[in-house]
1. Which helices (runs of 4 or more DSSP H) does region 26-118 wholly contain that include 1 or more residues that are away from the ligand (no atom under 12 Å from the Cβ) and surrounded by fewer than 20 Cβ atoms within 10 Å (Cβ to Cβ)?
2. What single numbered condition from (1) surrounded by fewer than 17 Cβ atoms within 10 Å (Cβ to Cβ); (2) within 16 Å of the ligand (Cβ to nearest atom); (3) free of Cβ contacts under 8 Å to residues at least 12 places away in the same chain fails to hold for LYS177?
3. From (1) more than 28 Å from ASP18 (Cα to Cα); (2) of a type outside the set (D, E, K, R); (3) in contact (Cβ under 8 Å) with a residue 40 or more places away in the chain, pick out the condition that doesn't hold for GLN68.
4. How many of the residues in region 143-189 are within 25 Å of the chain's Cα centre (by Cα), among the basic types (Lys, Arg) and not in a loop (DSSP other than H, G, I, E, B)?
5. Taking only region 217-257 into account, find how many residues are more than 18 Å from GLN14 (Cα to Cα) and in a strand (DSSP E or B).
6. Enumerate the pairs (first residue in region 209-228 and of a type in the set (D, E, K, R); second residue anywhere and within 11 Å of the ligand (Cβ to nearest atom)) with beta-carbon separation below 6 Å, excluding pairs fewer than 6 apart on the same chain, so at least 6 apart or on different chains.
7. Given the options SER255, SER240, SER186, name the one that is farther than 27 Å from PHE73 by Cβ, within 11 Å of the ligand (Cβ to nearest atom) and surrounded by 15 or more Cβ atoms within 10 Å (Cβ to Cβ).
8. Within region 194-213, take every residue that is in a helix (DSSP H, G or I) and farther than 23 Å from GLN64 by Cβ and give me the one that is farthest from the ligand (Cβ to nearest atom).
Amino acid sequence: MEEFTVTPWEVSGQINYDKLIQQFGTKRIDDGIREKLKRICVDLHVLLKRQFFFSHRDLDLVLQDYEQKKDFFLYTGRGPSGEMHLGHLIPMIFTKWLQDKFNVNLYIEITDDEKFVFKRDAKWEDVQKYANQNILDIAAVGFDPDKTFIFKDSEYIKNAYPLMLKIARKINYSTTKAVFGFNEQSNIGLMFYPAYQAVVTFFEKKRCLIPCAIDQDPYWRIQRDIAEDLGYNKTAAIHSKFLPPLQGIQGKMSSSQAETAIWLNDDDKTVKNKIMKYAFSGGQATIEDHKRLGGRTEVDVAYQWLSILFEENNKKLMQIHDDYESGKLLTGELKQILVDKINAFLKEHREQRKKAEKLVDRFMYSGKLAKEMWGKVLV
Ligand code: TYM
């Protein structure tokens, strides 16, 4: 019996990321690749240093190309099923870092179609409302407005449809059944959708690099089966683990379970309440026991979140680690450190979001790359 599941629609159980690399047939981001990235980028993003981005496909080829002065492009996306939570922002933050370092084009797909067909009771107006809100959150991350094209699937369809059809006729039912688990009851909207998630990798005749969590990898497997036949490169990808839910280090922070997540629009008080109330603690039942026996950082969600992203300073993180393990730092104190970090992060995000209102039009329609993309039909 599988002790965990990772698909684009479900992530559950205690995920064994080493096993996942084997199951999915991807490669680990090893010291060699990290060294190479560091040489090119001068520094490494904390999400790479802490090995939160842990797996890849053909990242070595992307870097080889780059060193030979061959450009590549970036692609990521978001399915607007609701508000965004911290986990959804992680690939975006990392993608911005890559865009800054490599100065390349970036395409961000907003899959309003996917979420509409996936959730049978979804209302079109709601999906659109969330799509527009999500786009603001994404624009707040600070991408280059002339090198970034953010588009909603339902709007860009006219330009992308011919190329999508080329993809669609290469993928048969038995492949999607094997890769996604579709069956006789799956609706036909879901079955066509993978062609849209794949087509973006063909937006340029260069190599495409996709930062995302590893749940999206099944789409890239399909793309890689057909790309060369159609005269394009197999896509490259760089995969992250999942930001764990508040309740414990199993599964992922998930939109479908609201209480597992910190949402980007949570206010200071809500963040504090949620973390104090729900964040699974590696501490002992009483203060006396905690001081005597110490806490367990490896299961403590507050510590895990600090170590993934929110405490970038290694020395400070080590100190927190040692103090918690020895029992000097209490659970409430550890949680408070995280509350302060997240509230500072969200305050900055809210400010950037406000400023981004003015930029959305450039990302979607009037920036340099957006204009180019609206000016052509892809075949
Ligand atoms: P969606 O909206 O489910 O997720 C958006 C992005 O967030 C990642 N993600 C997480 N990362 C870290 N921790 C978590 N707990 C967590 N939960 C989700 C996802 O892997 C994803 O990168 N079908 C896609 C939309 C899409 C897309 C893409 C995503 C279209 N093209 C290209 C990535 C790359 C979706 O519904 O994502």
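The values are calculated or read from the model by the stated rules, or taken from the named source; none is laboratory data. For clarity, every value in this text was computed on a predicted model and none was experimentally measured. Methodologically, a virtual Cβ is constructed for each residue, glycine included, from the backbone with ideal geometry; neighbour enumeration extends over all protein chains shown.
1. 31-41, 46-49, 59-67, 86-102
2. So LYS177 meets the others, but not (2).
3. Single failed check for GLN68: (3).
4. Summing the residues that are within 25 Å of the chain's Cα centre (by Cα), among the basic types (Lys, Arg) and not in a loop (DSSP other than H, G, I, E, B) in region 143-189 gives 2.
5. 3
6. Here the result reads ASP215/VAL6; ASP215/PRO8; ASP215/VAL11, each pair linking region 209-228 to a residue that is within 11 Å of the ligand (Cβ to nearest atom).
7. SER255
8. Start the filter on region 194-213 by keeping residues that are in a helix (DSSP H, G or I), which leaves 194-202.
Adding the requirement that they be farther than 23 Å from GLN64 by Cβ leaves 194-199.
Details: PRO194: 9, ALA195: 12, TYR196: 8, GLN197: 5, ALA198: 9, VAL199: 10 Å.
Looking at residues that are in a helix (DSSP H, G or I) and farther than 23 Å from GLN64 by Cβ, I get ALA195.
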